[in-house]
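Heads up, the thing below is written out as structure tokens.
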Amino acid sequence: MTAPLAGLRWGLGPGWLLRLQHCRSSASGKELLGLSSLNNDIELQPCRNYQAVLCTELTKPLIIRNLPSPPLQPHEVRVGVRYCGVNFADILACKGLYQEKHCLPFTPGMEFSGMVMETGANVSTVQEGDRVIGVTGTSAMAEECITDQKMLWPIPEGVSYEEAAALPVSYGTAILALDHRARTQPGETVLVTAAAGATGLAAIDVAANVLKAKVIAAAGSDHKCNLALQKGAAHSVNYTQGSLKEEVKKLTDNKGVNVVLDAVGGDIFKAALHSLAWEGRIVVVGFAGGTIPSVPANLLLLKNVSALGVFWGRYREEDFPVFSSSLSSALWYCQERRIQPHVGAVFKLEEVNEAFSRVTQRKSTGKVVISIK
């Protein structure tokens, strides 16, 4: 394989040759990048390696490999990762089913916490030794992660690395969905489906403890319902044991709920939509049940209700101030102990496949994280 093709194969981008000039000319390094046929015209300089998770084939088990640590661009920051979150989107990406496609091989992981190791020449927002959380499309499941300085937020004193890693995707989504999109008011009633998942528990936490709403939690087992009640829900419904719509009617004296945050889709979405009160708002944040439902427009009209969507990551490109504010708010709420992220399981880097299985088999509650150091 020629050098340019090797660079494309490994997703190194246009500047890959510049970066490789800083990596040593070891057999392992060349073989890893498919450069064993390079002649000696390019002298590679010494650099350290780091361990990273790699998706080399879609739907296949992930592997751990040593990768050469590339130099920084002027606006970039190198972070020593302590914890990274596991999201359903990571699993979809490794199956080739996520809306954002990645060239193989790639390192999954879109949220992390860690300490700044090194900064590029033009970086002014952080410095070596700072504790930060970061958001990236990929590459978080590794000992090191390089990202643009604007995609890092300082971790306040009193917030642990483990807690911080559980904040970005789940709490960012919950804050945008309930506050920015649904405009939830104190005293309103909020129905949260998939209530024991990472986003579900985050939504309960934000709705009950920050926005001061009354929460009805809907989940698929008594154990998950009890966990939601511990998090701050006023009531719970096990939707495997009866009609969600009828139970919500009983709990609201036939008035319905003001806001729904739905992460399930399918029949649960339909039942939740029918459970809305006059001028209610339903916010769609995912389809964990695997079925994307259609919205009956006549119901929107008759009850004057609103159907909204939240794709948290899209705000990064379309409205960065709102995106950034969701993370800053989550960190502040956590420091003030108004919210408390629920980490349901912690895995080591070499246990990444077990971590993915825990999420896909729906055995997890709250956020699953991977401990790097």
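Each value in this text was obtained by applying a stated rule to the coordinates, not by laboratory testing. Being a predicted model, the structure only gives us computed values, none of them experimental. Backbone-built Cβ (ideal geometry, glycine too); neighbour counts: all protein chains shown.
What to note about this one:
- Placing one equal scatterer on every Cα of the stretch 282-373 and applying the Debye formula, the log10 ratio I(q)/I(0) at q = 0.15 Å⁻¹ is -0.95.
- Couplings for the stretch 221-233, taken from phi via the Karplus curve 6.51 cos²θ - 1.76 cosθ + 1.60 with θ = phi - 60°, read 7, 5, 4, 5, 4, 5, 5, 5, 5, 5, 6, x, 5 Hz in order; Gly and Pro are left as x.
- In plain terms, the chain from R362 to T59 could stretch by 107.3 nm, reckoned as 0.36 nm per residue minus the Cα-Cα distance.
- Summing +1 for each Lys or Arg and -1 for each Asp or Glu among the other residues whose beta-carbon sits under 12 angstrom from that of V86 gives -2.
- Residue-averaged [θ]222 nm for the chain, counting only DSSP H segments that reach four residues, each worth -39500 (n - 2.57): -8500 deg cm²/dmol
- Fewest-first sequence of E157, E100 by Cβ atoms within 10 Å of each Cβ: E157, E100
- Label-zone membership for the stretch 287-301, site D267, 7 angstrom Cα→C-beta point, backbone N under 18 Å: 287-296
- With a cut-off of 13 Å between beta carbons, the residues surrounding P186 carry a summed charge of +1, where Lys and Arg count +1 and Asp and Glu -1.
- Cα-based helix-to-principal-axis angle, 198-209 vs the chain, degrees rounded to 10: 50
- Sorted fewest first by neighbouring Cβ atoms within 10 angstrom, S328, S139 come out as S328, S139.
- In the stretch 169-313, Cα pairs under 8 Å separated by at least six residues give a relative contact order of 23 percent.
- Rg to Rh quotient for the stretch 121-233, alpha carbon positions, Kirkwood Rh: 1.06
- Centroid-to-centroid separation of the stretch 295-373 and the stretch 255-269 [C-alpha atoms, Å]: 17
- Candidates L167, L229, L178: whichever shows maximal mean-square fluctuation once the chain is modelled as a Gaussian network with Cα springs under 10 Å: L229
- For the stretch 179-200, the residues whose amide N sits under 20 Å from a probe point set 7 Å from the Cα of W278 along the beta carbon direction are 183-191.
- Candidate values (i) 28, 59, 12, 1; (ii) 29, 52, 18, 2; (iii) 26, 50, 22, 2 were compared with P(r) over Cα pairs in 20 Å bins from 0, in percent computed on the shown model; the agreeing label is (ii).
- The slack between S328 and A297, meaning 0.36 nm per residue of separation minus the straight C-alpha distance, is 7.5 nm.
- Per-residue ³J(HN,Hα) for the stretch 67-83, Karplus 6.51 cos²θ - 1.76 cosθ + 1.60, θ = phi - 60°, Hz, x for Gly and Pro: 10, x, 7, x, x, 8, 7, x, 9, 9, 10, 9, 10, x, 6, 9, 9
- Packing-based order for 54-65, 114-125, using average beta carbon neighbours within 10 Å, highest first: 114-125, 54-65
- Loop-located trypsin sites (Lys or Arg not before Pro) in the stretch 206-315 whose Cβ has at most 14 other Cβ within 10 Å (DSSP): K212, K255
- Chain lengthening between S221 and Q335 when straightened (0.36 nm per residue, less Cα-Cα): 37.9 nm
- Over the stretch 169-313, the hull volume per residue, using the convex hull of the C-alpha atoms, is 92 Å³.
- Annotation for the stretch 305-373: GluC sites (Glu not before Pro) lying in DSSP loop with at most 16 further Cβ atoms inside 10 Å of their Cβ are E336.
- Residue-count net charge about E111 - beta-carbon cut-off 13 Å; Lys, Arg +1, Asp, Glu -1: 0
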